[in-house]
Structures are given as structure tokens and as C-alpha cells.
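S.K.: Supplied in C-alpha cells, the structure appears directly below.
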Amino acid sequence: MKVIALNGSPRPLGNTTNILNEMHDMFEREGIEFEIVHLYEYQFVNCNVCMTCEIRGDGRCIDEDDGFNQLLDRLRAADGIVMASPTYAGACPSVMQTFLERTLLVFTKSDMGLRGKVGGAVAVYAQNGGSMVYNQLVDFMLSNGMLVCGAHPVPVFRALNSPGYADDTAAMKGVRMLVGNMVSTIMRLNGYDE
């Protein structure tokens, strides 16, 4: 069983990355493989809504040279997906936004490749917009037919410079609950009773 985490932060050592590193340890202790994909390592082409994905119907984008289609195949093979993003100008950073736009169009116009996957979201903000980013990630997952796990408190961190996230003990509690809920759901979907 495997969970892929999509890191929407362009900062390799920021709060979002460090939160995902902590989640990595939590999932691995439960026996679930956890891989972090740093979206900043890609140079995604912007979606121009050419609708070729709908015409083709094969679950692929026409732009084959930026690694996007290969990433979609990896997501299709995963049991769960964590989406984590900081807040820039009150919204997701541009690399995450580009990924969301292209992925939603390709999947909803073809094979609904994320349907039934277990999902969870984490957001980080310094001034404002954390709830908006969190809701955007959850809306994306729901639109793709994913089974979205929640947590209380909601894992929306208020932090500026890393490791400021660690001071938000309520959000860390939310992350631990999110991981537990995702593990429980993935195990049950794979036929394991707790």
C-alpha cells in the first residue's frame, strides 16, 4: 500500500516540506509506503483548455514532454494521495495551481483516474488564505471522486519560516489524526479489519 504526497511548495526546505517529512515517518510506522513528489522539480506547461484530453479519452494530456502524464500514472497506482501547499498571495503557488488545472481537466474528461483514492489535505499560511488553500485542495479531491479524510483540528498551519510549523500544536494534532484516518480507510479498503 502506498501514499503519494504532492508538495506544492517551491521551497525545498520550507514548512510544507518538513510537515510532509513528519507525515512520511507517521505513515511508514503504520506500514504504508510514503513518497513525496516535489512539484517544483517539474516545469509544467500551462493548460490552454485545448480539450485534446477529452478527444483522446485515454487519460493523457497532449503535452508529453514535461513529466505530467507519468506523474498521473503514478497517482493512478497509489492507494492514497496527500496534497500539501503553502499559501502565496492568498492562494496556492503557481506550480500547484497549474498541476490542479491540468489534472482536473484530464481526469474528469477521461478515466476519473483518482476515483476511490483516499485523500487528505494540508495547508500552511503566514498571514491569510490558509483556509482557502485547504478548501481548494479538498474541492479538487472531491471533484475527482476521491474519499477525502478530515481531521480535527483541521491541518492548516500558521507559520512563516521553517520550522515555525512545529509551534502550531493544534495543526500538528490535526496531521496526526489525518494520517490515522487515512491509514484506517486505506486498510479497510484493502480488506484489513482493524
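S.K.: Are any residues in region 45-75 of a type outside the set (D, E, K, R), at pLDDT below 95 and either in a helix (DSSP H, G or I) or within 16 Å of the chain's Cα centre (by Cα) (or both), and if so, which ones?
M.R.: Thr52, Cys53, Ile55
S.K.: Still on this model: Can Ala171 be described as among the aliphatic types (A, V, I, L, M) and either surrounded by fewer than 20 Cβ atoms within 10 Å (Cβ to Cβ) or over 24 Å from Val118 (Cα atoms) (or both)?
M.R.: On the way: among the aliphatic types (A, V, I, L, M): yes; either surrounded by fewer than 20 Cβ atoms within 10 Å (Cβ to Cβ) or over 24 Å from Val118 (Cα atoms) (or both): no.
For Ala171, the condition - among the aliphatic types (A, V, I, L, M) and either surrounded by fewer than 20 Cβ atoms within 10 Å (Cβ to Cβ) or over 24 Å from Val118 (Cα atoms) (or both) - is not met.
S.K.: Of all residues in region 162-194 being in contact (Cβ under 8 Å) with a residue 40 or more places away in the chain and in a loop (DSSP other than H, G, I, E, B), which is farthest from Ala126 (Cα to Cα)?
M.R.: So the residue we want is Asn190.
S.K.: What pairs come out if I take residues in region 72-85 that are farther than 8 Å from Ile4 by Cβ and pair them with residues that are among the β-branched types (Val, Ile, Thr) and modelled with pLDDT of 95 or more whose C-beta lies under 6 Å away, six or more apart or interchain?
M.R.: Hits for this filter: Asp79/Ile186; Ala84/Thr16; Ala84/Val122; Ser85/Val133.
S.K.: Which ones in region 13-36 are in contact with a helix residue (DSSP H, G or I) (Cβ under 7 Å, 6 or more places away or on another chain) and either of a type in the set (A, V, I, L, M, F, W, C) or at pLDDT below 95 (or both)?
M.R.: Across region 13-36, the qualifying residues are Ile19, Met23, Met26, Phe27, Ile32, Phe34, Ile36.
The values are calculated or read from the model by the stated rules, or taken from the named source; none is laboratory data. A quick note: this is a predicted structure, and the numbers were derived from the prediction, not measured. All Cβ positions, glycine included, derive from the backbone under ideal geometry; neighbour counts span all protein chains shown.
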